[in-house]
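Worksheet: the structure to be examined is printed underneath.
The values are calculated or read from the model by the stated rules, or taken from the named source; none is laboratory data. Here the structure is a predicted model, which is why all the values come from computation and not from measurement. Counting neighbours? That spans all protein chains shown, and the Cβs are built from the backbone with ideal geometry, glycine included. Side chains are part of the model used for accessible areas, which takes the heavy atoms of the whole protein and leaves out ligands, DNA and RNA. Shrake-Rupley method; radii C 1.70, N 1.55, O 1.52, S 1.80 Å.
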Amino acid sequence: MVLEPKTLAAAMAREDLKETHQETPSHQVNGGHHEGTELTLFMDDKVSVNVVTKSKEKEPLMKTSSPTRRTTEMTRTKEERPTLESSSPAQKRLHTKKDSHIRSSSLTMTVVSCLAALNLGLIYAYPAVALARWEEAGVNHTTTEITWFASTPMVVSVVVSVVSGVVMESLGVRCGLLLCLPFLTLSWIMIAITHEFWVLLLARVIQGFVASMFMVAITVYPVEVSAVRWRGIMVGVSEAMVMLGAFFTYLAGLVLFPSTLAYTFVGVTVPQVFCFYFMRESPLWLTRQDRDDDAAVSLACLRGPGVDITWELEQIKANVYSERIQKPSASEQLLLLRKPVYLKPILLCVLVLLFKELTGQFAAMAYAVKIFQMAGSTLNPYWCAVVMGAVRFLPCFASWALIERVPRRVLLCSCMTIASFSLATLGAFLWFWSWSDEGLPASLGWIPLTCLSVFTLSFGSGIGPTSWTLVAELIPSQVRNVGAGIINSSFSLFLFLVGLTFPFAVEYLGVGAVYIVYSVCSLVGVIFVVTCLPETKGSTFDEIQIALDNKWNSNVV
């Protein structure tokens, strides 16, 4: 008899709970919960376990309601809780005011943490401006040096991504971000003071370590500090801040040389020190560290005055306790990956990100200025890069609404089809004019910019955010830690390979042929989404697994 993952986890949890109740001293359960606290743990749709914990005498976190009442609040169903429709006008106004404060407090902390994402945009987009400016100033680098300068942070992330999650969990997001800032500042100073390639490469290696830590922070923190109903928007802030960093780099590159631009980025890190210092740590992380008092203070600050945090705080404690009981270790998660039910979603997540990057979006970001120079466009290549940055940044806000309203597969396929068409048009146009001795006429210089802008718009509106949403929904919770490490490392590897191969491919094939290849890869990605991916919008994990098994059984992957 084969048990479903959630049922199996529930059965294991019940056995562990029995042993814990019999063998473990009561004051050690759940890191020392307060006397009489009753935790209701939902293992699956049919099983709930009540655990009564008693601890050594100490003052309760807050004097609000009785333990029985808190347990009742935790176990009440969604239908039983008061709704806005059944409230009086005064209660509705009060609820709206509190809800607005919760959103603004969470959004403020999310934006502060996502200043790390702004730094990622600066790191990724800097080569686009610096390489072109250095070439104009007579500072020549070989093609190999150019590719390694642009791609080194990604190849470092391939290795460091697995470790960075463990480090960030030990330090906390706040301390981790503060620790990374001095190293990031040092790397920009190294780039600003010299053109020696080995110094530039060492600086980019440091930026690769920092980028790996920042990636963990912007992935975890917005989800942990935001209320459930605002999590989609909070996660989207990270993507918007990365694109804002790239847009700022292109815009500043219009008037600043690479060394001055690097010093400007040093100045950008200064206010971040103060922002990160006063940032509230995640209540979930504090609870995992058995710092219950600090977790209550942090949650109260995030939710604002007048908001009862009792139910949410107890829910956080229950989730942490449940996680400690159920969650397999790293070695156990690796063994679980031998089973198709866990391995298939991880492979699909990796392939989703592979086809996402085979559209060539990282090459367009890292080599934006040189692409327009190679295309022979008569427009100012630096202004073209600014337009691309703006077109990439603005759709981030529209994508939040699209993801919530349009099915995942429909949105992803539509945007990848548009991207494939625009890349094919650009590639065919550039390939045709590459055979002409007269070069690209001035009257047609707008065509490369238009094609790349359409591609960038489709990527920002659907391909980028939808791909990561699918990854978050497909990865099984039982292997989330190890699976996330594999997926992040694979993603960094794909970025590195695209950035490394683009200049060499242009030398051997021509820029037009390279974009035709990217167009074909996008079209293959559409076929992959249609034939292999299940629809995940509004589905539970069990429903996704059933749909995934049906897809897997009916197709050869």
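Heavy atoms only, 1.4 Å probe, whole protein assembly: order Val320, Val270, Val159 by accessible area, highest first.
Details: Val320 5, Val270 80, Val159 105 Å².
Descending accessible area places them as Val159, Val270, Val320.
Under the rule a/c < 1.5 gives rounded, and otherwise a/b versus b/c splits prolate from oblate, where does the stretch 335-389 land using the Cα gyration tensor? Don't skip to the answer; put the middle values down first.
Details: a/c = 5.89, a/b = 4.71, b/c = 1.25.
Because a/c hits 1.5 or more and a/b exceeds b/c, the stretch 335-389 counts as prolate.
Using the per-residue mean of other Cβ atoms lying within 10 Å as a proxy for protection, in what order, highest first, do the peptides 363-371, 412-420, 135-143, 300-308 fall?
Numbers: 363-371: 26.2, 412-420: 23.0, 135-143: 11.3, 300-308: 15.7.
Packing proxy ranking, top to bottom: 363-371, 412-420, 300-308, 135-143.
Give the accessible area for Glu543 in Å² (nearest 10); use a 1.4 Å probe, count only protein heavy atoms, and leave out ligands, DNA and RNA.
100 Å²
Need one number: nm distance between label points at Ser331 and Ala390, each 7 Å from Cα along Cα→Cβ, rounded to one decimal.
Label-label distance for Ser331 and Ala390, simple model: 5.8 nm.
I'd like the FRET efficiency for Phe257 and Thr450, computed as 1/(1 + (r/R0)^6) with the beta carbon distance as r and R0 of 25 Å, rounded to 0.05.
0.30
Take Phe504, Phe397 and sort them by solvent-accessible surface of the protein heavy atoms, 1.4 Å probe, largest at the top.
Working: Phe504 65, Phe397 95 Å².
Putting Phe504, Phe397 in descending order of accessible area: Phe397, Phe504.
Could you work out the mean projected area of the convex hull around the alpha carbons of the stretch 113-226, in square nanometres to one decimal?
Working: hull surface 28.2 nm².
The orientation-averaged projected area of the Cα hull of the stretch 113-226 comes to 7.1 nm².
Between His195 and Glu169, what length in nm is gained on full extension when 0.36 nm per residue of separation is reduced by their alpha carbon distance?
On the way: separation 26, 0.36 × 26 = 9.36 nm, distance 3.66 nm.
Taking 0.36 nm per residue and subtracting the Cα distance, the gain is 5.7 nm.
Once you wrap a convex hull around the alpha carbon atoms of the stretch 335-472, what is its projected area averaged over all directions, in nm²?
Working: hull surface 40.0 nm².
Hull-based average projected area comes out at 10.0 nm².
Which value, in nm² and rounded to one decimal, describes the direction-averaged projected area of the C-alpha convex hull of the stretch 439-514? Let's see the in-between values first.
Numbers: hull surface 26.9 nm².
Seen from a random direction, the Cα hull of the stretch 439-514 projects 6.7 nm² on average.
Using a 1.4 angstrom probe and counting only protein chains, how large is the accessible area of Arg280 in Å², to 10?
Counting only protein heavy atoms, Arg280 exposes about 90 Å² to solvent.
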